[in-house]
Amino acid sequence: MKRIGVVGAGAMGSGIAQVGAQAGLEVLLYDVADKPLEAGVARIRAGLDRLVERGKLSAEERAAIDGRISTTKTLGDFLDVEFIVEAAPEVMALKKEIFQKLDHICSRTAILATNTSSLSVTEIAELTDRPDRVCGMHFFNPVPLMKLVEVVRGAQTSGETARRTTELASRLGKTAVQVKDTPGFVVNRVARPFPGEALRLLGDGVASPRQIDRAAKLGAGFRMGPFELMDLVGMDINFAVNRSVFEQFFYEPRFRPHPLQAQMVKANRLGRKTGAGWYRYDGDRLLDAPDGAVFYGNPGPLPTGTLHIVGDPTLLALAREAGLPLTDDPAAADLVLVEASRLTTTEAAASLPDPARVVGFGGIPGVVLRQLVEVAPGLQTAPEATEHAVAVFHALGRDTEVIQDGPGLIVPRLIACLANEAAFALMEGVASASDIDTAMRLGVNYPRGPLEWADELGPANVLGILDHLQRFTGEDRYRPCPLLRKLVLAGSPFTGGAAR
Ligand SMILES: NC(=O)c1ccc[n+]([C@@H]2O[C@H](COP(=O)([O-])OP(=O)(O)OC[C@H]3O[C@@H](n4cnc5c(N)ncnc54)[C@H](O)[C@@H]3O)[C@@H](O)[C@H]2O)c1
């Protein structure tokens, strides 16, 4: 392949044209008018200039790349182009019109790909005489930086078309994952619980946006908290994608938007672009960023009161090593710390000698070893017990967030819901386990793929958190994926095991 066509010179189209020309391909870039074409070319040149400034491109290479891009306002010029990527606005009627025209103009062998994020590839293909040669090629923004492409097979897309699209993605320096044409594909579907559960935690009064963001970053290693991310993406876009996935799944409760999203959009609190969302901004600068770690690696003094630990051998080992005064008898302890991702503190306290001295914490395996621990007093917990619990974690060099006693706490709930959605996508054959994990690591920068995360925490623990959430809230959105339940029964992991 020597030449590609790109339809639409906006944010995505100009990025695709840039990476195409950088990969040595001739690129023909189309838009409806001079202004968007000029803006697109200016964006590409600014991108190339930055690469020259950073020493990643020489001036000669830059000139050669620029020279490989030509522009047109006439779709007829795509007559002899063998691969075309469409990146026009996300409107079905518009995409159908473009594909019908390209179908008449282009040779019978040409492949027509769409960069749609949310529309049905099958529906776009259906109006052409070559549905087998229509495919989704879903890039991520900004295209030159983001490594992922979802190659989306419509109901009639041929294996050969998917193969050639994958080949082009690799040529452009991207990692391609194979995805079935289903609402949201992999990334925009599996990522839904991240903002979705964060909004529910806030709406249910469990924690504030700042606390949830700190827990996600310091407690689980996400690069951005869900509220920071909503502000970056824009509340209007987040709400629109959420609604679209919800409607396309015929109102599946897992995807139901939260009233807070509608409220924020009505208030024009869209995030960075309006200067205020969940946080306030001065241009691109976040004015009230969530704090980083204070105690991590910098342990506070050892509290003297006696301690009994329930349900977390990792914490017990850490406490012993640090020299905290431990007791085996909960009745004799000043503080009873209970691992509370699979039952609320209030429930756990009911079966212990003195509920006033019981405090829950989030400690599913591995999570307690991170920088921040969630501390959740129950309804009957005394304030001194909560202070004591916070002092214990600070003495172990961990930061804390004191939150309300809610099912699954913050991090266990976020990870379990992400893993559950990934499990549904796997069960439904949307993509393989490894492609789902790759898509989430590269498409949204997750620290781990949700399925490998589930394996690390233990599928049985993930199932336990979801069962608890469903039982405690009575909500169907938490029903565990049948595949997850089967794997737990079989004692098998998601990756490398029977699920593959
Ligand atoms: N922005 C993102 O983060 C992102 C990520 C992945 C996929 N996408 C998808 O990529 C596509 C483009 O998104 P974008 O963000 O680049 O939009 P954009 O608004 O930046 O660009 C769209 C371009 O299409 C042009 N256009 C308008 N009518 C046209 C027509 N009839 N034929 C050809 N071009 C036309 C516009 O002039 C504009 O230059 C959409 O389908 C979107 O869902 C966007």
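The values are calculated or read from the model by the stated rules, or taken from the named source; none is laboratory data. As the structure is a computational prediction, the values presented were derived from the model and not from experiment. When we count neighbours, we look across all protein chains shown, and the Cβ atoms used for this are built from the backbone with ideal geometry, even at glycine.
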Could you tell me whether the stretch 464-484 includes any residue that is outside any loop (DSSP other than H, G, I, E, B), touching a Leu at 6+ places or on another chain (Cβ under 8 Å) and within 28 Å of LEU318 (Cα to Cα)? yes
Any chance the stretch 7-22 includes a residue that's in the same structural domain as LEU145 (by TED's automatic domain parsing), closer than 20 Å to SER170 by Cα, surrounded by fewer than 16 Cβ atoms within 10 Å (Cβ to Cβ) and not β-branched (Val, Ile, Thr)? no
Does ARG43 satisfy being basic (Lys, Arg) and away from the ligand (no atom under 14 Å from the Cβ)? no
From the option list LEU316, LEU343, LEU324, LEU352, single residue qualifying as in a helix (DSSP H, G or I) and surrounded by 15 or more Cβ atoms within 10 Å (Cβ to Cβ) is LEU316
Can you run down the residue pairs with Cβ atoms below 7 Å, 6 or more apart or on separate chains, where the first is in the stretch 386-400 and without any contact (Cβ under 8 Å) to a residue 60 or more places away in the chain and the partner is surrounded by fewer than 19 Cβ atoms within 10 Å (Cβ to Cβ) and not in a helix (DSSP H, G or I)? THR386/VAL402; VAL390/VAL402
Return the pairs, sorted by first residue and then second, in which the second residue is within 7 Å of the ligand (Cβ to nearest atom) and not in a loop (DSSP other than H, G, I, E, B), the first residue lies in the stretch 24-39 and is in contact (Cβ under 8 Å) with a residue 24 or more places away in the chain and within 11 Å of LYS73 (Cβ to Cβ), the beta carbons are less than 7 Å apart, and the residues are 6+ apart or on different chains. LEU29/GLY13; LEU29/GLY40; TYR30/VAL7; ASP31/GLY40
Can you name the residue in the stretch 380-402 that is in a loop (DSSP other than H, G, I, E, B) and within 33 Å of the chain's Cα centre (by Cα) and, of all such residues, is nearest to GLY323 (Cα to Cα)? LEU396
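Residues checked against (1) touching an Asp or Glu at 6+ places or on another chain (Cβ under 8 Å); (2) crowded, with 17+ Cβ neighbours inside 10 Å; (3) within 22 Å of ALA169 (Cα to Cα):
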{"site": "LEU25", "(1), (2), (3)": "no, yes, yes"}
{"site": "ALA64", "(1), (2), (3)": "no, no, yes"}
{"site": "GLY67", "(1), (2), (3)": "no, no, yes"}
{"site": "THR71", "(1), (2), (3)": "yes, yes, yes"}
Enumeration of residues in the stretch 178-193 that are surrounded by fewer than 24 Cβ atoms within 10 Å (Cβ to Cβ) and over 13 Å from the mean Cα position of the chain (by Cα): GLN178, LYS180, ASP181, THR182, PRO183
Identify the residue in the stretch 238-293 that is among the polar types (S, T, N, Q) and touching a residue at least 40 places away in the same chain (Cβ under 8 Å) and, among all such residues, is farthest from ALA215 (Cα to Cα). GLN248
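This table checks each residue for (1) touching a residue at least 12 places away in the same chain (Cβ under 8 Å); (2) among the polar types (S, T, N, Q); (3) within 16 Å of the ligand (Cβ to nearest atom); (4) closer than 22 Å to PRO36 by Cα.
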residue	(1), (2), (3), (4)
SER58	no, yes, no, no
ASP66	yes, no, no, yes
THR71	yes, yes, yes, yes
ASP77	yes, no, yes, yes
ILE84	yes, no, yes, yes
GLU90	yes, no, yes, yes
Here's a check for you: in the stretch 2-16, which residue that is over 14 Å from ILE98 (Cβ atoms) and assigned to a strand (DSSP E or B) is nearest to the ligand (Cβ to nearest atom)? ILE4
Within the stretch 240-262, is there a residue that is surrounded by 19 or more Cβ atoms within 10 Å (Cβ to Cβ), over 17 Å from the mean Cα position of the chain (by Cα), more than 16 Å from the ligand (Cβ to nearest atom) and aliphatic (A, V, I, L, M)? no
